[in-house]
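A short worksheet on the structure shown next.
The values are calculated or read from the model by the stated rules, or taken from the named source; none is laboratory data. All values derive from a computational prediction rather than experimental measurement. Note that we place each Cβ from the backbone using ideal geometry, even for glycine, and neighbour counts take in every protein chain shown.
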Amino acid sequence: MIRGGKQTIIAAGFAFLQATRLHRVLAPLTRGLGAIVMLHHVRPWAERPFAPNRLLEVEPEYLDAALTMIKSRGFDIVTLDEAVARLVEGRGARFIALTFDDGYRDNVTHALPVLERHGAPFTLNVTSGFADRTARLWWVELEEAIVVLDHIALAGEGEAIDLPSVTPDEKQAAFEALYWWLRGGPEDRMLAMIAELLRQAGLSSAAIVNRLCLDWGGIEALARHPLCTIGVHTLTHPMLAKHDAAFVWRELEESRRVIESHARRPARHLAYPVGDPGSAGPREFAMARDLGFASAVTTRPGMLFPAHRDHLRALPRLSLNGHWQDLDSLDVLLSGVPFALWNRGRRLNVA
Ligand SMILES: [Zn+2]
């Protein structure tokens, strides 16, 4: 596995806190009322040298150990409804709510047995277009195209890309260069460029979604499970802030309507796709409120504090990240200290 410079810096921070135990001292100031945990894939690790999306998958054994640790640290594992109620009313013990984004098949095959063993409620944030097989897992497409291709050639508007992609290091470098360049620009350009790479690699977008994502039958079955809350994760998984207001409104309202019609119950909670400040900002937070969502989560890192009561559609999350599947790191994360450092001491990051 290849780790980037950012991960090396984070590793140094974790090591420092673990060695000094400073996080235990600071936790009363930084841990807040609780956290909303973010997960994506849960599946056994298939060893491979090039795995640029590894942050988005954890192993079932780690999820099991993490839930045990969360409970041993005095957190109740609660539904998102209960988390919002405790946040608003300032009552009850510290809490963790679990969220799984996108609607992956492995959430049923590998996560659900662990969740059932722990009696742990969870929210599955559904992108209706993945269940329909019409939306695109573009970050997986980019990875799988680069696995196949030994040369990355793209002709943009005046920006020709030409990168070697034979060794794992070259593939990693190509992924990072393309990923951040494309993610920083217009969504239609990103999707068109990745579609071209997928075509060169002889792969099919719909086949990838079909392999990885639950269909409506799978989502409807989960929706009937007593531990499961169904949340909304849009129609097509766009970076909402890059689009006009009418587009965003439709992505939120129409996906909720479709998801509720399959789940046969209200879907009160929203997760913004991608979820960073470039994908969800004040306009999206206001729309989520106007549409009546009880909560909406970003991917901004952080614990929950009383001040979040006034920002229920701009909530941060604690990512269970595939790069950090060890209990010492989780212990540090649950203290809230890494988020206090990341947010430079701010408890709110909602602008
Ligand atoms: Zn997502």
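Okay, here's what the table says:
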{"quantity": "LEU182 vs. criteria part of a loop (DSSP other than H, G, I, E, B) and surrounded by 15 or more Cβ atoms within 10 Å (Cβ to Cβ)", "calculated": "no"}
{"quantity": "Selection count where residues are under 17 Å from GLY103 (Cα atoms) and small (Gly, Ala, Ser), scope segment 254-293", "calculated": "6"}
{"quantity": "Filtered residue count, segment 312-351, keeping only those that are among the charged types (D, E, K, R), in contact with a helix residue (DSSP H, G or I) (Cβ under 6 Å, 6 or more places away or on another chain), surrounded by 22 or more Cβ atoms within 10 Å (Cβ to Cβ) and not in a loop (DSSP other than H, G, I, E, B)", "calculated": "0"}
{"quantity": "Residues satisfying the stated conditions in segment 106-131, i.e. within 15 Å of the ligand (Cβ to nearest atom) and surrounded by fewer than 21 Cβ atoms within 10 Å (Cβ to Cβ)", "calculated": "ASP106"}
{"quantity": "Residue tally, condition away from the ligand (no atom under 16 Å from the Cβ) and either free of Cβ contacts under 8 Å to residues at least 12 places away in the same chain or farther than 19 Å from ALA286 by Cα (or both), over segment 236-255", "calculated": "3"}
{"quantity": "Search result, residues across segment 217-255 that are outside any loop (DSSP other than H, G, I, E, B), surrounded by fewer than 19 Cβ atoms within 10 Å (Cβ to Cβ) and of a type in the set (A, V, I, L, M, F, W, C)", "calculated": "ALA221, ALA241, ALA245, ALA246, PHE247, TRP249"}
{"quantity": "Residue that is closer than 15 Å to LEU80 by Cα and in the same structural domain as ASP64 (by TED's automatic domain parsing), where the choices are PRO301, PRO316", "calculated": "PRO316"}
{"quantity": "Among residues of segment 256-284, those that are closer than 23 Å to ALA83 by Cα, in a helix (DSSP H, G or I) and either of a type outside the set (A, V, I, L, M, F, W, C) or away from the ligand (no atom under 16 Å from the Cβ) (or both), counted", "calculated": "5"}
{"quantity": "Residue check, HIS233 in contact (Cβ under 8 Å) with a residue 60 or more places away in the chain and within 14 Å of the ligand (Cβ to nearest atom)", "calculated": "yes"}
{"quantity": "Residue that is nearest to the chain's Cα centre (by Cα) [pool: residues in segment 83-108 that are free of Cβ contacts under 8 Å to residues at least 24 places away in the same chain and within 21 Å of PRO226 (Cβ to Cβ)]", "calculated": "ALA85"}
{"quantity": "So ARG86, is it surrounded by 16 or more Cβ atoms within 10 Å (Cβ to Cβ), at pLDDT 95 or above and more than 25 Å from HIS41 (Cβ to Cβ)", "calculated": "yes"}
{"quantity": "Test result for THR99, within 26 Å of VAL258 (Cα to Cα) and in a strand (DSSP E or B)", "calculated": "yes"}
{"quantity": "Residue tally, condition surrounded by 17 or more Cβ atoms within 10 Å (Cβ to Cβ), among the aliphatic types (A, V, I, L, M) and in contact with an Asp or Glu (Cβ under 7 Å, 6 or more places away or on another chain), over segment 160-174", "calculated": "0"}
{"quantity": "Odd one out for LEU63, checked against (1) farther than 14 Å from HIS323 by Cα; (2) surrounded by 15 or more Cβ atoms within 10 Å (Cβ to Cβ); (3) of a type outside the set (Phe, Trp, Tyr)", "calculated": "(1)"}
{"quantity": "Residue among ILE208, ILE219, ILE161 that is touching a strand residue (DSSP E or B) at 6+ places or on another chain (Cβ under 9 Å) and either within 16 Å of the ligand (Cβ to nearest atom) or of a type outside the set (A, V, I, L, M, F, W, C) (or both)", "calculated": "ILE219"}
{"quantity": "Single unsatisfied condition, MET38 versus (1) free of Cβ contacts under 8 Å to residues at least 12 places away in the same chain; (2) in contact with an Asp or Glu (Cβ under 7 Å, 6 or more places away or on another chain)", "calculated": "(1)"}
{"quantity": "Filter result for ARG199 (over 21 Å from HIS243 (Cβ atoms) and either of a type in the set (Lys, Arg) or surrounded by 15 or more Cβ atoms within 10 Å (Cβ to Cβ) (or both))", "calculated": "yes"}
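Yes or no, residue by residue, for (1) in a loop (DSSP other than H, G, I, E, B); (2) more than 26 Å from LYS71 (Cβ to Cβ); (3) among the aliphatic types (A, V, I, L, M):
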position	(1), (2), (3)
HIS110	no, no, no
ARG117	no, no, no
ALA120	yes, no, yes
ASN125	no, no, no
GLY129	no, yes, no
ALA135	yes, yes, yes
VAL147	no, yes, yes
ILE152	no, yes, yes
LEU163	no, yes, yes
